[in-house]
1. Using 7 Å Cα-to-Cβ label points, what is the B:Arg262/B:Leu144 separation (nm, one decimal)?
2. Rounded to the nearest 0.05, what FRET efficiency is calculated for B:Ala231 and A:Asp19 with R0 set to 60 Å and r the Cβ-Cβ distance?
3. Short version: ³J(HN,Hα) in whole Hz for each residue of region B:230-237, in order, from phi by Karplus 6.51 cos²θ - 1.76 cosθ + 1.60 (θ = phi - 60°), x for Gly and Pro, what are they?
4. Distance in nm between label sites at B:Val60 and B:Glu307, each 7 Å beyond Cα in the beta-carbon direction?
5. Quantify how strongly other chains surround peptide A:16-26 by giving the mean number of their Cβ atoms within 10 Å of each of its Cβ atoms.
6. Pairs of Cα atoms under 8 Å, at least six residues apart: use those to get the relative contact order of region B:32-395, whole percent.
7. Per-residue HN-Hα couplings for region B:82-95, Karplus 6.51 cos²θ - 1.76 cosθ + 1.60 at θ = phi - 60°, whole Hz, x for Gly and Pro?
8. I need the shape label for region B:70-144. Rule: rounded when a/c is under 1.5, else prolate if a/b > b/c, else oblate, with a, b, c from the alpha carbon gyration tensor.
Amino acid sequence: MNGTERDKAWWSGSRLFVDLCWIWLIGAGAAFVVRILVRR
Amino acid sequence: MESMAAETAREKRRGRWWRWLAAVGPGIVALAGDNDAGGLLSYAATGQQFGAGFFVPLLVPLCLAAFVTLDMAARVGLATGRGLASLIREHLGPAWAYLAALDLAVENWLTLVTEFAGMGYGLSRFGVPLIIGVPLSCLLVLALVARYPYRTAERLGVGLAAASLLFVPVAIWGWARGGGTVWVAHGGGSLDLFLVAAIGNALAPWMLFFQAQAVAAREHSALYRTRVDLAAGSVVQVIVAAAVVMIGASGFLARDGGGIGRVAGYLFAIGIFDAGLVAALTVSLSTAWAVAETLGHPAHPAARPAEEPVFYTCYAVGVSTAALVMLLPGISATWVSVVVQAASAILMPPLLAGLLRLANDRRVMGSHVNTPLMNAAGGLVLFGFTAAGLLWIIRG
C-alpha cells in the first residue's frame, strides 16, 4: 500500500480527519439553522 | 551622456515601482472584499449595540488571523501556479473536494445576498427603491465582468478599496459629535451572536480560493511582494472596520443618521455601495472559478465569456439568484448581515483544516511548505473559529 492509498483508506488518520470535517459542517450547520429558526 | 544615464536610472527606478505596484492586488482586493457590505453592516450593527470599546481592540487579532490564513493560501498559489479547488481534489481526494465545494457554495450564496442588500441599501439612501436598486446593481456587476477582463475588475477593486477609506473621516466626525458615548454599549442584543459574527467577519471561505487563484494567475508573483500586498490589505481592513464600528456606535443606523448627520450618512451609503460592488465582483468570480474547477473545467481569469461558457454561466446564475433573494419581502439587511457573518465561523473550520493539510504537503508546496511557527499560527486560527462556532451553537 503506497502513501496515497494509505491516505485514502477509511481507517487512516487522514480519512478520519475529513470525516470529522463533514460531521462538523453538517452537525454545526444544522444546529445553526435550528438556532436561527428558534430565535426568529 | 549624463542625461542618458539619468534617463536609465529613472527607468530603473520606475521599473522597481511598477514591480511593487503590480504586486498590489489580490491581498488588498481580498481583504477589502472581506470588508464587504454585509460585513460593514454587521460591524455597524455591532457598534450600535455594544459601542466601540470592546470590538475595536478585537479587530487587531482578527486581522492577524486573516493575514496568517491568506498567507498560506497565497503560498499554495505561488508554489503550484494553480487554484485551490483542483489542488484539493488532486491531493486530498474527492471527499475533501466536495466538502470544500459545498462549503464555498453555501457561504458565497449567503454572502452575495448580503452584497446586494448593501448595494440596494446604499442606493436607497439616495431615494432609489430596492426593487430598482438591486436589479441595477446586479446588471452592473454582470456588465463589468462580461465587458472587462479580470485585471480591470481587480484595479477597480483597488480603487474602491481606497475609496472605502472615506469611512475614516465619517467615523471621526461621529466620534467628535458623540464624544465618549461611542465607546460604551447602547443596546441589549446577544453579545455571543455579535462576538461570533465579528470572528466570522474576519475571514470568509471565498477569500482563500480567491487569494490562491489570483496569486497563481499573476506572472511575476514573489513571496515578499505578496506579503507586502497582504499586509497593506490587512492594515486597510482593520482601519476601515474600526471606523465602521465607531460609525455604528455613533448612531448611524438610526433613521435620521443619529450623531453623524445627513451628509456623513450619504458618504457612508456610498461606501456601503462600493464595498458591496467590490465584494460582489470578487466573491462571484472566486465561486465561479472554484465551481468550474470542481466540474473539471478550470477557467483562466483572462478568458473572455465566449471562450469559457461554463465559467460565465456559473457566474451569471450565482449573481442573479443572489440578487433575486434580496427582492423577497420582509428581509432586514442588517439582520441578514450579522447572521451570515456568524455562519462564516461555522463554515471556515473545515476549509482551514484542508488548507493546513495542503500547506504541510511538501510534494505540493516545495520550499513554500509551512514552518512549525506557521502551523502554530494556523492551528490557533482553526481553534479560534471552531470555538466561536461552538459558542454560537451552545449559547448563540
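FYI, it's all coordinate maths here, none of it is from the lab. Worth saying up front: this structure is predicted, and the values here are computed from it rather than measured. In this analysis, Cβ positions are derived from the backbone assuming ideal geometry, glycine residues included, and neighbour counts consider all displayed protein chains.
1. 2.9
2. 0.95
3. 5, 5, 4, x, 5, 5, 4, 4
4. Spacing of the two 7 Å Cα→Cβ label points: 4.7 nm.
5. 6
6. Worked out over region B:32-395, it gives 39 percent.
7. Karplus values, whole Hz, x for Gly and Pro: 10, x, 5, 4, 6, 5, 4, 4, 6, 9, 10, x, x, 4.
8. Prolate is the answer for region B:70-144, as a/c is 1.5 or above and a/b outweighs b/c.
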